[in-house]
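Below is one structure, written out as structure tokens; the observations come after it.
The values are calculated or read from the model by the stated rules, or taken from the named source; none is laboratory data. Predicted model only: the values in this text are computed from it and were never measured. So basically every Cβ, Gly included, is an ideal-geometry build from the backbone, and we count neighbours across all protein chains shown.
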Amino acid sequence: MASDNIFSGLKVVDLASFIAGPSAAVILSDFGADVIKVEPPHGDLWRIANHLPPQPVAEEAYPWHLANRNKRGMALNLKSPNAHQVLEKLVKWADVLIVNTPHPARKKLKLEYEDVAGWNPRLIYADITGFGDNGPDANLPGFDITSYWARSGLLSMTRDAGAPPTWPVAGSGDNATAVGLYSAIVTALYRRERTGAGAHVTTSLLAEGVWSASVSTGSVVRSEILRAARSYAPR
């Protein structure tokens with residue numbers, strides 16, 4: 001039950017935007033964690049999602065509140081000369097730091113794990129990307145529809161043969177990915193209780209989409225392994 005406040009006293013800095021990263025933080029907040037949402041001066045772009053189809057248009061910014069309830073907030077321009085001094089104080093304060101900035105921008109802003117881990121050896125650095133940390137698409141930004149649904153193959157399962165795909169409910173892949181990231185954070189916190197050491201945990205929208213489609217993707221992988229095995233079998 002959320003009333004148990006099992007994470008009371010846990011301190012979280014949420015530097016992420018849109019849905020997946022912030023929603024992992026909001027689950028922690030539901031169970032008592034103290035979460036600070038850090039946004040650029042112009043605000044998280046998800047603040048205006050209530051005005052953007054295909055989700056229902058409304059005056060109230062309900063999509064943003066779904067992913068950011070219970071949080072305290074502050075604005076910080078990470079490109080400003082003094083931003084790293086503020087970031088250092090936040091990291092030293094935090095138990096968990098959640099980041100979803102694409103890697104090229106993250107390197108410029110000095111937000112990579114290696115840039116901040118030295119400030120707090122007990123920090124759980126939770127990293128979410130669109131397409132993972134390796135491969136040709138690692139540096140691309142990713143979104144629910146492109147990474148979780150389309151690239152994983154799940155989008156093709158929303159239609160009948162010959163028909164165009166059905167547009168999924170906005171954020172459905174993000175929310176599934178948020179639960180995956182939350183699970184990684186909680187596992188790292190449990191490990192820290194045993195070892196005292198922080199950790200770098202990561203997932204991606206694509207990885208969570210492939211996992212959701214694992215019955216189908218697993219069958220394809222199995223077929224490929226068998227095909228490769230047959231091609232190398234002695235003749």
Exercise for review: Look at T203 and say whether it is assigned to a helix (DSSP H, G or I), modelled with pLDDT of 90 or more, closer than 30 Å to L123 by Cα and of a type in the set (V, I, T).
Suggested key: no
Revision key, fill the gap. Just one listed residue, out of N5, N82, N50, is on the phi > 0 side of the Ramachandran plot and out of contact with any Ser or Thr (no Cβ under 9 Å at 6 or more places or on another chain), and it is N5
Exercise for review: For segment 33-85, enumerate the residues that are more than 24 Å from K110 (Cα to Cα) and of a type in the set (A, V, I, L, M, F, W, C).
Suggested key: A33, I48, A49, L52, V57, A58, A61, W64, L66, A67
Practice item. Please list, ordered by first then second residue, the pairs with beta carbon atoms under 9 Å, 6 or more apart or interchain, first in segment 129-152 and at positive phi and in a loop (DSSP other than H, G, I, E, B), second surrounded by fewer than 18 Cβ atoms within 10 Å (Cβ to Cβ) and at pLDDT 90 or above. Key: G132/A138; G132/T202
Revision key, fill the gap. Taking first residues from segment 8-36 that are touching a residue at least 24 places away in the same chain (Cβ under 8 Å) and second residues anywhere that are part of a loop (DSSP other than H, G, I, E, B) and acidic (D, E), the pairs with Cβ under 6 Å that are 6 or more apart or on different chains are L10/D95; K11/D95; S17/D44
Review point. For A105, which of the numbered conditions (1) in a helix (DSSP H, G or I); (2) in contact (Cβ under 8 Å) with a residue 12 or more places away in the chain fails to hold?
Key: (2)
Review point. Within segment 206-218, is even one residue over 25 Å from S17 (Cα atoms) and either part of a loop (DSSP other than H, G, I, E, B) or among the hydrophobic types (A, V, I, L, M, F, W, C) (or both)?
Key: yes
Review point. Are there any pairs, at least 6 apart or on different chains, whose C-beta atoms fall under 8 Å, with the first in segment 114-126 and within 17 Å of T195 (Cα to Cα) and surrounded by fewer than 16 Cβ atoms within 10 Å (Cβ to Cβ) and the second of a type in the set (A, V, I, L, M) and modelled with pLDDT of 95 or more, and if so, which?
Key: P121/A197; R122/A197
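Of everything in segment 96-116, what is in contact with a His (Cβ under 8 Å, 6 or more places away or on another chain) and farther than 19 Å from I185 by Cα? Give them in sequence order. First the steps, then the outcome.
Here is the first cut: in segment 96-116, the ones in contact with a His (Cβ under 8 Å, 6 or more places away or on another chain) are 110, 112-113.
Listed by number, the list holds a single entry, K110.
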